[in-house]
Amino acid sequence: MGHAHSNSGPAGHAGHAVQPLVGHLVAPWILFATGTALIILTMVTVAMRYVDLGEANLFIALAIAGVKATLVSLFFMHLRWDRPFNQLMFLGGIVFVVLMMAFCLMDTGQYRGAQFTGNPVDVQAVLDRDAPNAPIAAKKSPDLP
């Protein structure tokens with residue numbers, strides 16, 4: 001009562017493709033180019049520390065970090081050559097983290113009334129004496145409550 005014909009694939013499972021034992025191999029020049037780009041972008045990030053563009057520094061640093069994260073995920077994590085499902089799961093994880101951060105930031109407005117502005121009196125006295133132009137916190141006017 002044995003079967004003369006089997007639908008089993010190479011792995012012994014009917015209809016399932018066998019995954020390769022070795023993942024996608026990347027040419028060494030791609031890895032070196034990616035590593036070099038990451039080092040250069042890190043140097044640009046450090047150099048941006050010494051350039052004062054006001055609040056634009058934050059957005060530039062975040063943009064550089066985003067480019068670096070993209071390079072790492074595409075080339076070092078091999079997502080560029082991976083199945084679309086894995087790319088979808090990776091992007092879904094990023095979207096989930098961004099949503100959770102957004103929900104946390106939505107809650108901070110409730111506590112604005114309890115936040116302290118300025119420095120304590122003794123700290124402000126030391127700052128006025130030792131670093132009169134220190135932009136740590138806004139000074140309170142003596143005539144304000």
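The residues in segment 1-46 that are modelled with pLDDT under 90 and among the aliphatic types (A, V, I, L, M) can be counted, and the count is 11. Is there a residue being under 26 Å from Gly93 (Cα atoms) and either surrounded by 10 or more Cβ atoms within 10 Å (Cβ to Cβ) or modelled with pLDDT of 90 or more (or both) anywhere in segment 47-55? Taking every residue of segment 47-55 in turn, none turns out to be under 26 Å from Gly93 (Cα atoms) and either surrounded by 10 or more Cβ atoms within 10 Å (Cβ to Cβ) or modelled with pLDDT of 90 or more (or both).
In segment 25-53, what residues are in contact (Cβ under 8 Å) with a residue 40 or more places away in the chain and more than 15 Å from Val67 (Cα to Cα)? Listed by number, the residues that qualify are Val26, Ile30, Leu31.
Among the residues of segment 65-119, the ones that are in a helix (DSSP H, G or I), of a type in the set (D, E, K, R) and surrounded by 10 or more Cβ atoms within 10 Å (Cβ to Cβ) come to 1 in all. Of the residues making up segment 33-84, those that are out of contact with any His (no Cβ under 9 Å at 6 or more places or on another chain) and among the aromatic types (Phe, Trp, Tyr) are Tyr50, Phe59, Phe75, Phe76.
The values are calculated or read from the model by the stated rules, or taken from the named source; none is laboratory data. From a predicted model like this one, the values you see are computed outputs, not experimental measurements. Positions of Cβ are backbone-derived with ideal geometry, glycine not excepted, and every protein chain shown enters the neighbour counts.
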